[in-house]
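In what follows, a structure is listed as C-alpha cells, so that the remarks can point back to it.
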Amino acid sequence: MTFIRKTLTSSIAIAATTLMASGAQADMSDNEVRIGYLADMSGSYRDLAGPGGLEALKMAIEDFGGSVNGVPIEVFSADDRNSADVGASTVREWLDERNVDMVSGLVASSVSLAALKVVEEKNGLAIVSGSAASSITNEHCAPTHIHWVYDTYPMANATAKAVVEQGGDSWFLLTADYAFGHAMEKDVTEVVEESGGTIVDSVRHPFPTNDFSSYILQAQGSGAKVVGLANAGADTVNAINTASQFGLVQSGQQLAGLIVFLNDIYAMGLDATQGLLLTTGWYWNMDDESREWAERYYERMGSMPGMVHAGIYSSTTHYLNTVAELGSDDPVAVRKAMAENPINDFFARNGRIREDGRMVHDMYLVKVKSPEESTHDWDLYEVLSTIPAEEAFRPLSESECKLVNN
Amino acid sequence: MTMIFGVPLAVFMGQLMLGLINGAFYALLSLGLAVIFGLLKIINFAHGAMYMLGAFTTLLGMNYLGINYWAALIITPLIVGLFGMLIERVLLRRIAHLDHLYGLLLTFGLALIFEGTLVNFFGVSGARYPTPEALQGGFKLGFMFLPTYRAWVLGAALVVCLFTWYMIERTRLGAYLRAGTENPALMQAFGVNVPLLITLTYGFGVALAAFAGVLAAPLYPVSPTMGSNLLIVVFAVVVIGGMGSIIGAVLTGLGMGLIEGLTKVYYPEAASTVIFVVMILVLLIRPAGLFGKEA
C-alpha cells in the first residue's frame with residue numbers, strides 16, 4: 001500500500017511538473033528564446049560594443065544557465081556595418097522569419113533609429129545599449145524599446161556643468177557636422193549658458209576627419225578656456241591627440257570630451273588624455289562587484305569592458321529574469337514586466353525603466369588619471385562623483401515622448 | 001591686427017603651414033601611386049593598406065622587437081617593400097596582360113583582406129606610437145606653435161620626393177625604368193632584365209607608402225582603417241596631377257594640402273570635399289590632369 005501510494009504521489013508530481021513545463025512552453029514562442037545581436041562588428045564603432053558586446057551577451061546567457069524554464073536560448077548576430085539599411089533589413093528578417101524575441105546591441109544612432117522603427121511596426125522588443133542619441137526615448141520613443149546604458153543628455157549635461165563650475169566658463173566647440181554632432185552642440189550650448197558660461201565660437205568639421213591640426217589651431221586662436229568636443233569615436237581620438245601635439249593643454253586651455261569611451265582613452269594613452277573630465281555609465285574598477293565581472297570578461301576578451309559591454313550583460317540578465325518570472329517571451333508582456341522591477345546589479349545602481357523606455361541609473365563623473373597616478377594598463381579613471389539616477393537623465397517633464405502625459 | 005579676408009594674419013599663416021605639412025603627406029603617398037601607375041600601369045588600390053602596414057610594422061617592431069623610430073624609418077620600408085615585391089611576383093604578374101581593371105580589383109581585394117585581418121586582431125580604436133624624444137616639443141613661430149615633429153615630417157617628405165624625382169628623371173636607372181615600360185620587348189633585347197625592373201619598381205612604390213606610414217605613426221592613431229580613409233583623397237590628387245606624372249603628383253599634393261587647409265578656415269564644412277571639386281574642374285578643363293600628357 002505504501003508502495004502504491006508513493007508511486008501514485010510521484011506520478012502525480014511528475015504529471016504536474018510536465019504540465020507546468022508544457023504550460024510554460026506554450027508561452028515560449030518556438031520553444032526557444034531567441035535573441036538577435038546587431039552591432040558594428042568591423043567599422044569605427046567596433047571596439048565600444050562589437051564582438052565584446054556579443055561575448056557579454058553570451059556570458060549573461062551562460063550565467064543564467066543557458067535556458068529559461070527548460071527552454072533553450074538561441075543567439076543570432078549580425079554586422080550592421082554602420083548602415084541604417086543593413087540594420088533595418090536584418091531586423092526585419094529576424095522578426096519575420098526567425099521569430100527573434102529580443103534585439104540587443106544597437107550602436108550607431110542612425111542604425112538604431114531605422115531598426116527600432118521595424119521593431120515597433122512588428123510589435124517586437126529591442127534593448128538599445130550602444131547608441132547615444134537621446135531622441136531614442138524622446139521624440140522617437142515607442143512602447144517596443146528600452147534605452148539602457150547612456151545618452152547624449154547626461155553626457156553633455158554632467159560634463160559641461162562640472163567644467164563650468166570649475167571655472168571653465170568660455171567654450172570653443174568642435175562639432176561633428178551631422179545630426180548627432182548638431183544635437184550635442186545644442187545640448188551643450190544650453191547647459192553652458194544656463195550654468196553662466198559662454199560659447200565663444202564653434203567650428204563644424206566633416207565626419208570623419210583625419211587631421212584636426214587646423215581646427216585645433218583655430219581653437220587656440222579663439223582664447224576660449226575650454227575646447228568642447230561634440231564628436232565621437234575616431235574623431236574624438238584624433239582631436240585629442242592633435243591637441244596634445246600642439247600643446248593645447250600646456251598653454252592653459254582645457255579639453256572637454258563629451259562622448260568618450262574607455263577604449264578611446266586606452267587607445268590614446270594617458271599622456272594625451274590626462275585630466276580629461278567625462279561622464280560614464282559604468283567603470284570596471286569602481287567597486288568589487290564590477291571588478292569581479294570585468295575580470296571574467298577580461299579573461300575571455302583580453303581587454304577591459306566598457307560601459308556598453310557591461311550594459312549588454314545587465315540588460316540581457318534583466319530580460320531573462322523577467323521572461324523566467326513571466327513564463328513567457330511575448331515581447332509586449334515582457335516589456336511591461338521589465339519596467340515593473342527595479343534594476344540593481346553590478347552595472348545599474350538605482351535603475352528603473354521609465355514609461356518613455358529610458359532606463360535611468362546612476363551615472364558617474366570621472367577624471368582621466370595622469371600616467372603617475374595610474375598603476376597598470378587599464379587603471380584609467382578616477383571617479384569624482386555619482387550623478388543620481390533621477391537627476392542624470394532628461395526629466396520626464398521636458399519629454400516630447402508620446403507615451404508621457406505632459 | 002592685420003586681417004586676411006576676415007581671418008587674423010597669424011591664423012592664416014598657421015593654416016598655410018599646416019596645409020603644407022598635410023600636402024607633403026599627400027605628395028609622398030601620391031608619388032608612390034604615380035610611380036606604380038606611370039611605370040607599370042597598375043592602379044594600386046592596396047596603396048592605402050601598404051601605408052597602414054608601414055605604420056603597423058613600425059608599431060609592432062617597437063613593441064615586440066624594440067626597433068626604435070630611426071631604425072624603423074629604414075627597416076619598415078624595406079620589409080613592406082619586400083612584401084610588395086612578393087605580391088607583384090606571385091599575383092600581379094599573372095594578370096599583367098589583362099585590362100587595368102583586373103589589377104584594380106586584385107589590389108582592392110588585397111587591401112580589404114589586410115585591413116580585415118588586422119581589425120580582427122587589433123580592433124579599430126588604434127594604438128598610439130610615441131613621438132621620438134629628439135622630435136618632441138615645438139617652436140614658437142610667432143604666428144603659431146609648430147610641433148617639431150610636424151616640421152620634421154615636412155622636411156623628410158620633401159627630401160624623399162625630390163630624391164625619387166631625381167632618380168627617375170635624371171639617372172641611368174630611371175632611364176632604364178622609363179624605357180622598360182615604354183617598350184619592354186626592345187629593352188629585353190638589349191639585355192635588360194625587365195621583369196626584375198618591374199618587381200623592383202612596385203616594391204619601391206610600396207616602400208614609399210610604408211615610409212609615409214612610419215612618418216604618420218606618431219601623428220595619428222595606428223589603426224587598420226587609417227589607409228582606406230586617406231586613399232581616395234590621394235587618388236584624387238594623382239588624377240588632378242595627371243596619372244603617372246611624378247612631378248605632378250608632388251606639386252599637386254602640396255597644392256591640395258594648401259587648398260584644403262584654407263577651406264578649413266573659411267568653410268570647414270567643405271573641407272573633405274574641396275579636393276574632389278578641384279578634381280572635377282580639372283577633369284573638365286584638362287582631362288589628362290594638370291601635368292599629364294594628352295594621350
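Each value in this text was obtained by applying a stated rule to the coordinates, not by laboratory testing. Worth saying up front: this structure is predicted, and the values here are computed from it rather than measured. Every residue, glycine as well, gets a Cβ built from its backbone with ideal geometry; the counts of neighbours run over all protein chains shown.
Here the Karplus curve 6.51 cos²θ - 1.76 cosθ + 1.60, taken at θ = phi - 60°, turns the phi angles of segment A:291-306 into couplings of 4, 4, 5, 4, 5, 5, 5, 4, 4, 8, 9, x, 9, 7, x, x Hz, with x standing for Gly and Pro. Here the Gaussian network model covers chain A, with springs between Cα atoms less than 10 Å apart; of A:279, A:144, A:386, A:386 fluctuates the most.
Inter-label distance, residue B:9 to residue B:100: 4.6 nm, where each label sits 7 Å from its Cα along the C-beta direction. Legend: mean number of C-beta atoms from other chains within 10 angstrom of residue C-beta atoms, peptide B:112-125, equals 4. When the Cα positions of A:305, A:261, A:95 are compared along the charge dipole of chain A, A:95 comes out farthest toward the positive end, with charges on each C-beta of Lys, Arg, Asp and Glu.
Taking θ as phi - 60° and the Karplus parameters 6.51, -1.76 and 1.60, the scalar couplings of segment A:134-147 work out to 6, 5, 4, 10, 10, 5, 9, 5, 7, x, 9, 9, 10, 10 Hz in sequence order, x denoting glycine and proline. Placing unit charges on each Cβ (+1 for Lys and Arg, -1 for Asp and Glu) gives the protein assembly as shown a dipole about its Cα centre, and among A:281, A:106, A:376 the Cα reaching farthest toward its positive end belongs to A:376. The translational diffusion coefficient of segment B:18-285, from Stokes-Einstein at 10 °C and 1.306 mPa s with a Kirkwood hydrodynamic radius over alpha carbon pairs, comes to 84 µm²/s.
Counting Cβ atoms of other protein chains within 10 Å of each Cβ in B:141-149 and taking the mean gives 3.
The ranking of B:187, B:50 from fewest to most other beta carbons within 10 Å of each one's beta carbon is B:187, B:50.
About the centre of its Cα atoms, the protein assembly as shown shows a dipole size close to 2560 debye [charges on the beta carbon of Lys, Arg (+1) and Asp, Glu (-1) only; nearest 20 debye]. Comparing B:202, B:69, B:176 in a Gaussian network model of chain B, where Cα atoms under 10 Å apart are tied by springs, the biggest mean-square fluctuation is seen for B:176.
Annotation: amide H of residue A:37 within the under-5 Å range of A:76, A:77, A:78, A:104, sequence separation 5 or more or interchain, hydrogens built in the peptide plane.
Amide H contacts for residue A:227 (H built 1.01 Å from N in the peptide plane; partners 5 or more residues away or on another chain; cut-off under 5 Å): A:172, A:254, A:255, A:256. Arranged from fewest to most other beta-carbon atoms within 10 Å of their beta carbon, A:140, A:145, B:100 become B:100, A:140, A:145. Amide hydrogen proximity for residue B:67: with H placed 1.01 Å from N in the peptide plane, the residues at 5 or more positions away or on another chain lying under 5 Å are B:62. Mean partner shielding of peptide A:42-50, defined as the number of other chain Cβ atoms within 10 Å of each residue Cβ, is 4.
For the peptides A:29-35, A:392-398, A:123-129, the ranking by mean Cβ contacts within 10 Å, running from highest to lowest, is A:123-129, A:29-35, A:392-398. Evaluated with a Cβ-only charge set (Lys, Arg +1; Asp, Glu -1), segment B:18-285 carries a dipole of roughly 280 debye about its Cα centre, given to the nearest 20. The alpha carbon centroids of segment B:26-66 and segment A:35-94 are separated by 35 Å. Between their Cα atoms, which of A:225/A:367; A:58/A:402; A:161/A:336 are more than 29 Å away from each other? Listed pairs above 29 Å: A:58/A:402; A:161/A:336. If R0 is 35 Å, the Cβ-Cβ spacing of residue A:398 and residue A:96 corresponds to a FRET efficiency of close to 0.45.
The fewest-to-most ranking of A:403, B:106 by surrounding Cβ atoms within 10 Å reads A:403, B:106. Angle of helix B:148-170 to the longest C-alpha principal axis of chain B, folded into 0 to 90 degrees and rounded to 10: 30°.
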